[in-house]
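We did not get these values from a lab; they are worked out from the coordinates using the rules stated. Since the structure is predicted, the reported quantities are computational estimates derived from the model, not experimental observations. Positions of Cβ are generated from backbone atoms using ideal geometry, with glycine treated the same way; all protein chains shown enter the neighbour counts.
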């Protein structure tokens, strides 16, 4: 699950107070942190999750109830701060090479992308792909340019 927030969470101070009462600690004063504070889990290929206020139910690709390990974020506190940058967008742009490298870290071997990184049907699907359209603006536009560049360098089809 990803949280994209552009605006103001009006009641973030009340939410922060409630969460602190439950034992949560905060590393910044951003309003978004009250939403994205809480734990996470990695879903497996084909999983579907029903997320409720007090529960998460997961069904795997075979339709059976599944359990996934709950994790706590290990994101460093400075990841949600602007640091030396005047704007968060500038920070995001300058962090993109590192973010892409971390994303691909376990998906590359011998200088090539592993087929498993794209799902179990990648070998059958990729030869049928005729074009990829990237619709984006802002930071997403820059990420699309990086993807396009990687595509051309590695002759991906």
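Principal axis extents of the C-alpha atoms in the range 6-111 (largest first, rounded to whole Å): 48, 46, 23. Per-peptide packing, taken as the mean over residues of other Cβ atoms within 10 Å, places 99-105, 114-120 in the sequence 114-120, 99-105 from highest down. Fully extending the segment from residue 117 to residue 53 would add 19.9 nm, taking 0.36 nm per residue of separation and subtracting the current Cα-Cα distance. Our note on the geometry: Cα centres of the range 98-129 and the range 10-60, 29 Å apart. Just so you know, the averaged projected area of the alpha carbon convex hull for the range 82-157 sits at 6.1 nm².
In the range 105-147, the C-alpha radius of gyration followed by the widest Cα-Cα span (Dmax) gives 12.9, 33 angstrom. Note: the range 7-64, Cα convex hull, 118 Å³ per residue.
Spin-label model, residue 96/residue 147: points 7 Å from Cα along the beta carbon direction are separated by 1.2 nm. Taking R0 as 22 Å, what's the FRET efficiency between residue 30 and residue 137 from their Cβ-Cβ distance, rounded to 0.05? The calculated FRET efficiency here is 0.45.
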